[in-house]
Amino acid sequence: MTRRYSAWSLFAEGLRGHVGWAPAWTSPKLKAHYDYVIVGGGGHGLATAYYLTKVHGAKSVAVIEKGWIGGGNTGRNTVTIRSNYFFPESVALYDFALRAYERLSAELNYNIMFSQRGIVTVAHSDAELEIQARLVNAMRLNGADAELLTRAQVLAKVPLLNVSDQARYPVFGGVWQGRAGVARHDAVAWSYARAASAAGADIVQNCEVKGFVVEGGACVGVETAQGTVHAGAVGLAVAGHSSVLASAAGFDLPVRSYALQAMVSEPVKPCLDTILLYPGTGTYLNQSDKGELVIGGGLDRMPSYAQRGNPPMQETIISGLLEMFPAFGQLKLLRQWAGVCDVTPDSSPLIGPSPLPGLYLNCGWGTGGFKAIPAGGYLLAHLLARGQHHEISRPFDLDRFRTGRLIDEAAGSGIPH
Amino acid sequence: MQLFPCPFCGPRAETEFSFAAEAGKTRPEGDVPDLAWSRYLYSETNPRGPAREIWSHLTCGEFFLMERDTLTHVVKSSSSLRAAS
């Protein structure tokens with residue numbers, strides 16, 4: 001059986017008709033006890049299992065997933081990975097993830113197709129350019145790469161932009177983060193699943209966690225569709241459904257769930273080789289390796305658990321796209337979808353102990369969870385194994401809502417969340 | 001485009017409305033501990049399914065109570081907050 005991926009193994013398997021590949025991960029039966037149970041088999045949950053085995057030497061780990069792995073928000077985003085945030089706490093967190101993504105293909109022996117094509121965030125006025133200069137300075141002080149672009153530099157990177165006299169949102173310049181990029185979303189989930197499974201973690205799909213086993217005021221396991229599982233510590237990584245499971249555990253979270261939609265056009269020839277965010281229209285896009293334009297925008301404007309996008313927001317996003325690129329007017333959409341995002345009041349994640357001892361949280365990523373998968377997994381693994389915060393996750397504890405030390409990135413970096 | 005029923009204006013397009021808050025929260029009075037105050041400010045039940053919410057109809061400016069399912073988006077009822085109080 002071939003387990004290691006390389007050009008040579010691909011060639012050798014090609015000679016034998018590709019019959020020797022080992023399954024990327026095994027599907028064991030759920031056991032009655034684990035040292036660590038992670039609820040949710042998206043990128044964050046699978047990464048947590050991987051870092052528990054790799055960094056903390058855990059031998060007994062289970063990831064329990066309601067549907068199939070990577071089928072929630074990990075498979076529903078626009079695959080953008082960036083760290084252009086304002087506050088030091090945020091840059092420490094998101095740049096940790098970006099640096100991990102840079103090494104991930106080699107570390108996991110799995111091509112996640114990470115393409116660092118950079119992101120342009122356009123400024124539409126002199127005032128916006130001033131604010132962007134402040135963001136660039138903050139990013140540089142915090143150790144992330146950033147550059148202020150002139151109008152000519154933006155247009156050189158994105159030549160198809162609407163620069164006519166009638167343009168509703170003129171281009172004055174922009175922020176450039178060259179290390180930002182896109183990655184193949186399924187590959188991120190599957191690579192972590194494969195590495196965690198190889199290290200002995202059990203990945204159990206089609207098994208819903210319905211509640212928690214509480215003894216002496218602490219969480220000691222989970223109730224699942226396949227029976228009760230006891231655990232030394234339980235991690236929650238269920239994104240938009242965090243409130244549902246928190247409610248089963250007996251507490252409320254400062255989280256509201258919204259649908260975030262995205263869509264792709266029919267494939268076209270290469271015409272956009274960066275990621276582009278237009279604050280004026282709220283529309284952002286990149287072009288996939290297959291040639292499809294991957295297009296996203298803001299949240300649907302009502303609390304929702306429906307994994308589908310509303311027509312009014314779709315119209316806003318598409319009209320924004322055509323304002324930016326009149327040349328795309330003839331394009332047809334291939335498909336549209338939505339994921340349920342767990343949005344916090346300050347647009348920053350929640351990582352830390354929950355009000356129920358023994359249960360740890362990794363949620364509140366809102367619309368930006370995909371880019372943070374390695375960080376979310378690493379930090380939740382640290383919490384589960386050590387029972388205490390890593391210095392990077394400390395500011396993102398639930399207690400910030402009591403102390404008032406919010407990390408308001410929606411106001412800080414001006415990034416739509 | 002979904003139609004929402006404004007109790008004052010009748011059925012109108014969803015784009016005329018803005019979600020305001022979950023219904024049923026009561027502002028704690030007096031000397032309130034930090035935790036109780038932060039719960040009042042930030043915690044949400046965020047139900048998956050039937051929900052009671054305060055919405056605003058932007059065109060008439062009225063706030064009202066809407067019972068809505070967050071999974072199916074079906075609206076069960078809407079009523080004036082004045083009637084409820």
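Summary table
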{"quantity": "Of all residues in segment B:26-65 being away from chain A (no Cβ under 11 Å) and basic (Lys, Arg), the one that is farthest from A:MET313 (Cα to Cα)", "calculated": "B:ARG27"}
{"quantity": "Strands (runs of 3 or more DSSP E) (entirely within segment A:102-219) containing at least 3 residues that are in contact (Cβ under 8 Å) with a residue 60 or more places away in the chain", "calculated": "A:119-123, A:202-204, A:209-215"}
{"quantity": "Restricting segment A:232-270 to residues that are in contact with a His (Cβ under 8 Å, 6 or more places away or on another chain) and open to solvent by 10 Å² or more (accessible area, probe 1.4 Å), the residue that is nearest to A:GLN307 (Cα to Cα)", "calculated": "A:ALA239"}
{"quantity": "Segment A:345-370, subset under 15 Å from the mean Cα position of the chain (by Cα) and within 14 Å of chain B (Cβ to nearest Cβ), residue farthest from A:ASP397 (Cα to Cα)", "calculated": "A:GLY366"}
{"quantity": "Those helices (runs of 4 or more DSSP H) lying entirely in segment A:320-417 with at least 3 residues of a type in the set (A, V, I, L, M, F, W, C) and under 25 Å from A:TYR192 (Cβ atoms)", "calculated": "A:373-386"}
{"quantity": "Residue within segment B:19-30 that is more than 25 Å from A:LEU406 (Cα to Cα), open to solvent by less than 40 Å² (accessible area, probe 1.4 Å) and within 11 Å of the chain's Cα centre (by Cα) present", "calculated": "no"}
{"quantity": "Residue check, A:GLY366 in contact (Cβ under 8 Å) with a residue 24 or more places away in the chain, surrounded by 24 or more Cβ atoms within 10 Å (Cβ to Cβ) and touching a strand residue (DSSP E or B) at 6+ places or on another chain (Cβ under 6 Å)", "calculated": "yes"}
{"quantity": "Verdict on B:THR59 being open to solvent by 50 Å² or more (accessible area, probe 1.4 Å) and closer than 30 Å to A:THR403 by Cα", "calculated": "no"}
{"quantity": "Residues satisfying the stated conditions in segment A:284-319, i.e. assigned to a helix (DSSP H, G or I) and surrounded by fewer than 17 Cβ atoms within 10 Å (Cβ to Cβ)", "calculated": "A:PRO311, A:PRO312, A:GLU315, A:SER319"}
{"quantity": "Of all residues in segment B:47-59 being touching a residue at least 40 places away in the same chain (Cβ under 8 Å) and in contact with a helix residue (DSSP H, G or I) (Cβ under 9 Å, 6 or more places away or on another chain), the one that is farthest from B:PHE17 (Cα to Cα)", "calculated": "B:THR59"}
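The values are calculated or read from the model by the stated rules, or taken from the named source; none is laboratory data. What you see is a predicted model; the values in this text were computed from it and never measured. Every residue, glycine among them, receives a Cβ derived from its backbone with ideal geometry; neighbour counts consider all protein chains shown. Ligands, DNA and RNA are excluded from the accessible area calculation, which covers all protein heavy atoms including side chains. Shrake-Rupley method; radii C 1.70, N 1.55, O 1.52, S 1.80 Å.
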